[in-house]
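Visitor: Pasting in a structure now, in structure tokens, and then I'll have a few things to ask.
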Amino acid sequence: MARSSKRRNLLISRGWVQATALVFLLGFFVLGLLAYRTYAAQPHIPARVVDPAGRILFTGEDVLTGQELFLRNGLMEYGSVFGHGAYLGPDFTADYLRRGRLPRRISLRRRGLGGGARAHRRRFSSKPL
């Protein structure tokens, strides 16, 4: 008894499969090439920037220091050119408000006015008539 080898025909032609594979490979090649060029190329940082009167506004060292500060604080995730980075990054505004509140609290406690929200409510609550 001989087995008949019947192959199922493709629903689409081989030309479509080959064209799709070619576009896929070419697309990822271009994507990889652009990614390489983006990371390999460095932007020009001027040695110094001067105003029309000739006074130095900032130097290249200032730019590099600012970049280090930007990266050290994780600000790349805080905002972006396209405006969606604030959804991804930490909320530095809330952190600033929390940190800014601490010195004020210490100052109030030293003057005897601290004690938190409960003491504040007790001290300034209105009495029923």
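Since every read-out is calculated from the coordinates, none of them should be taken as a lab result. Just so it is clear, the structure is predicted and the values come from calculations on it, not from any experiment. Here the Cβ is made from the backbone with ideal geometry for all residues, glycine too, and neighbour counts use every protein chain on show.
Visitor: Tell me the label-point distance for the pair Ala21, His44, using the 7 Å Cα-to-Cβ offset, in nm and rounded to one decimal.
Guide: Going by the 7 Å Cα→Cβ label model, 4.6 nm.
Visitor: I need the shape label for the range 1-70. Rule: rounded when a/c is under 1.5, else prolate if a/b > b/c, else oblate, with a, b, c from the alpha carbon gyration tensor.
Guide: Prolate, since a/c reaches 1.5 and a/b exceeds b/c.
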